[in-house]
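Right, one structure below, let's go through it.
The values are calculated or read from the model by the stated rules, or taken from the named source; none is laboratory data. Computed from a predicted model, the values in this text were never measured in an experiment. Here the Cβ positions follow ideal geometry from the backbone for every residue, glycine too, while neighbour counts run over all protein chains shown. The area values use the complete protein model at the heavy-atom level, side chains included, leaving out ligands, DNA and RNA. Shrake-Rupley method; radii C 1.70, N 1.55, O 1.52, S 1.80 Å.
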Amino acid sequence: MSYSNVNPKFESRHTHSLGSHVTESTPAIGNHHPGECSSPGHSVTPGKALALALRDWAWELAGTVAAATMLVAISLCMSKYNTTKQAEWFINLSTLVAIISTFLRAALVFVVTSILSQLAWNWFDQPHPLSHLDSLHAAAQGRLGGALKLITARIVYVPAIICLVISTATFGVGPFTQQSIRSTPCDDVVLSVGEIPMSNYITAQTYVGTAGPARYSYEAFDYDMEYMFTQGFTTNTANVPRIETYSRCKTGNCTFPTYSSLAICSRCLDVTSDIKSTPDLGLTAFSLPNNSTVHHYVSRAPLDEPYRDRTIVWLQTKRGGRLHDGNEEEWPFNIGDDEFNDAARECPTFTILGLSGHKKENASAAACTLYPCLQTYTGAFKDDKLEEVVTSKIPLRHNDTIYASGETFAVLSPCTISGVTYSFENNFTVPGHDFGVNDTISLNITNQIWNVPLECYFHATQEFMSAWSDFIGGKFDDSNCTVGEDGRYSCDELGFKALVNDGKASFEIYRDVMDNIAKATTTQLRISGKDAATVNGFYVDQWGNLLIHNESLLERGFVQGSGSQMTVCYEIQWIWLAFPAGMVVAVLVLVLSAIVSTFGRRLAGRPVWKSSVLPLLFYGLLPPGSSETAAGSTAQPAPGKKSTQGFETSALQEKASKVVVQLVNGEEGCGFLVVNDARDMGQTQRTEQAEEQQYMRQEWQTYGQPEASGYSDQATWTYTNYGWVDGTQIQNQGWGQAR
């Protein structure tokens, strides 16, 4: 009986070549037979094949989803800042988009590279020169160089060419994304850079006078109101003091919300048709129904000469009364329109009667009133100039049915507070937006009680109304103005010469002058009036008087506006994003195609290796005439054939991690030399010892118990083994000694 004491399993265990001798040593490394990289007849259910295909391309799917997500993120960023000024970040929008688009392209390239790497293996499902493998792998690593390799090798592989085209096109993702962001000049909105004076509370000073031993009090305005009134006596609107002088806009261009303020309004009626003339020799008298009268004198010239006028123009103003219950039929209320009569209820009227010749057609007259009112405006600064337009006006009303002191006020309706609109129509009540007790004021309007928010309430004190009535009455009560032959003016009040208008008095002149007086005094009222909100509004004292909190602390009121200044804004041109979006869609189609292709390969029991080079090292080349099943064959595997589970990339990587190699160029040729030394013994040594012990136990069961055991050191492996040949015990030493 012959016996071989050399275990072929451990032959060349620790030192053998991997490369030129790969088919000889592979069993010792991977325990696989060459050619077992596929099992075409292995039974794989469609569900299992689909799961494997999805697992194989999970990272590529994730990369495609990540690319799509980054494209959406770019779109959202652009949409958010489209038509807005360039953000003052540590990086601007262009830089942020460039960074995201760089990662987007990296994700696309990763996916395409993986697909192209797998296509290199798929190409060899049919016979092709081995050099094609190098060309296709080179194409997966470099776009331009890979394309040249395919051209040089004359490889016409449409899927690979498509991948190369898409991979090269991804270079345009960044430039096309950047091109979609355009910088254009625009107006930048800056909050609270504009102010226009407004007032919702006005009053006048109360003075104490003496008349002998008696003392009395009276209300009057300061000299500023007197000055503004005088400045308004002009026919030239450009000379009237404007609120623009007291407004500001830091940027030169500002917009304001619709705002309201207490003001002075004017209203005049043309009553020229009510003038009556009384001619007489040398005298013509012109009068109005309120007994206002002017005269025109004519002197007789010599009989041999025609008449020659020596004209003296007279102008007279006369104070009238207020409109109240019982005098509606009195002149001029009986001819007044609703606006005039409505305005005349709180302030006295006055008439202006003037002449510019001795004939009746040279006479003109107006009935006017100047009254406190509430005006609503739209305003804006354009190129440092304020453009303000009055959109509505409401006369202030006196009401003494609730408060002992009486009230003169106006209510703004509709009134918008913090974006919520209140009005008489909704009873100044909006569900979910209630006011506190101190935030509203009770008013009797048309015999109905209204709780009006303070921000919609505008108030003039009794002192102001009394002072204004006295002021206007004093200016226009029986005041006269004449122009002599020498052209010199003689007027009771300064500024009345504007009404004479160089001897060309007319109703239009009277009306325009009154409008200018209203504008000038409104300017003074708005810059000297107060904002009741600065002292928490009003309260009612124990006697029922409506008073304001801490009147001495009242501050001026302003409406705040937002300004605009020239800056640089983003303008997104969305058409340029079509290219990166197309790239994402194209890569998604490639991934789905790869999943479908892999599904078919998995059904055939074949693995997916992508860019791994381990299959080349572990399996090498089959010699011509090998009985292994061709890649495209559907023949059934031999009995006992292993499945492809051990040939997955993960399995190959696990096995390769246990092998240490070195690239050498020796007598036997160039290749990888497997080197397991002291640094790499570890788990490998323990595994091998366990296998050797198992082998020894099998030997003992066959040949008997050995008398001695082997030992090992780091450099060599030496064993002593005893066996029996023809009944004689034989000692063998040096078994398994490393070569």
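Taking into account only those residues within segment 301-318 that are within 27 Å of TYR489 (Cβ to Cβ) and surrounded by fewer than 19 Cβ atoms within 10 Å (Cβ to Cβ), which is modelled with the highest pLDDT? By that ranking, first place goes to ILE312.
Taking (1) among the aromatic types (Phe, Trp, Tyr); (2) farther than 20 Å from SER593 by Cα; (3) at pLDDT 90 or above in turn, TRP59 satisfies each apart from (2).
Residues of segment 467-518 that are out of contact with any Pro (no Cβ under 7 Å at 6 or more places or on another chain), open to solvent by less than 10 Å² (accessible area, probe 1.4 Å) and not aliphatic (A, V, I, L, M): PHE476, SER479, CYS481, PHE496, TYR510, ASN516. Among the residues of segment 325-346, just one is over 20 Å from GLY473 (Cβ atoms) and among the hydrophobic types (A, V, I, L, M, F, W, C), namely ILE335.
Selection of first residues in segment 396-418 that are farther than 19 Å from ARG345 by Cα and of second residues that are assigned to a loop (DSSP other than H, G, I, E, B), restricted to Cβ pairs under 6 Å at least 6 apart or on distinct chains, gives the following pairs, ordered by first then second residue: TYR403/GLY544; ALA404/TRP543; ALA404/GLY544; ALA404/ASN545; SER413/SER423; SER413/PHE424; PRO414/SER423. Applying the condition of being of a type outside the set (A, V, I, L, M, F, W, C), assigned to a helix (DSSP H, G or I) and open to solvent by less than 50 Å² (accessible area, probe 1.4 Å) to segment 335-385 and asking which residue is farthest from THR408 (Cα to Cα) yields ASN362. Whether any residue in segment 603-614 is of a type in the set (D, E, K, R), open to solvent by 30 Å² or more (accessible area, probe 1.4 Å), modelled with pLDDT of 80 or more and not in a strand (DSSP E or B) is what I want to check. Yes: segment 603-614 contains one or more residues that are of a type in the set (D, E, K, R), open to solvent by 30 Å² or more (accessible area, probe 1.4 Å), modelled with pLDDT of 80 or more and not in a strand (DSSP E or B).
Checked against the criterion of being assigned to a strand (DSSP E or B) and at pLDDT 85 or above, the candidates PRO175, PRO185, PRO241 yield just one match: PRO185. Those strands (runs of 3 or more DSSP E) of segment 483-570 in which 1 or more residues are closer than 29 Å to THR234 by Cα and in contact with a helix residue (DSSP H, G or I) (Cβ under 6 Å, 6 or more places away or on another chain) occupy 489-491.
This table checks each residue for (1) under 20 Å from LYS519 (Cβ atoms); (2) open to solvent by 40 Å² or more (accessible area, probe 1.4 Å).
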position: ALA238; (1), (2): yes, yes
position: THR245; (1), (2): yes, yes
position: LYS250; (1), (2): no, yes
position: SER261; (1), (2): yes, no
position: SER266; (1), (2): yes, no
position: ASP270; (1), (2): no, yes
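Between LEU119, LEU76, the distinction of being in contact with a helix residue (DSSP H, G or I) (Cβ under 6 Å, 6 or more places away or on another chain) and either surrounded by fewer than 20 Cβ atoms within 10 Å (Cβ to Cβ) or within 22 Å of VAL584 (Cβ to Cβ) (or both) belongs to LEU119 only.
Restricting THR113, THR170 to those that are at pLDDT 85 or above, closer than 25 Å to VAL585 by Cα, buried (at least 16 other Cβ atoms within 10 Å of the Cβ) and more than 34 Å from the chain's Cα centre (by Cα) reduces the list to THR113. Being modelled with pLDDT under 85, open to solvent by less than 40 Å² (accessible area, probe 1.4 Å) and of a type in the set (A, V, I, L, M, F, W, C) is a property that LEU323 has. Scanning segment 448-465 for residues that are of a type in the set (S, T, N, Q) and touching a residue at least 12 places away in the same chain (Cβ under 8 Å), which turns out surrounded by the most Cβ atoms within 10 Å (Cβ to Cβ)? By that ranking, first place goes to THR461. Scanning segment 394-416 for residues being farther than 17 Å from THR446 by Cβ, open to solvent by 20 Å² or more (accessible area, probe 1.4 Å) and assigned to a strand (DSSP E or B) gives a total of 1. Given the structure, is GLY632 within 26 Å of HIS128 (Cβ to Cβ), modelled with pLDDT of 60 or more and surrounded by fewer than 12 Cβ atoms within 10 Å (Cβ to Cβ)? Considered against the rule, which asks whether it is within 26 Å of HIS128 (Cβ to Cβ), modelled with pLDDT of 60 or more and surrounded by fewer than 12 Cβ atoms within 10 Å (Cβ to Cβ), GLY632 comes out as no.
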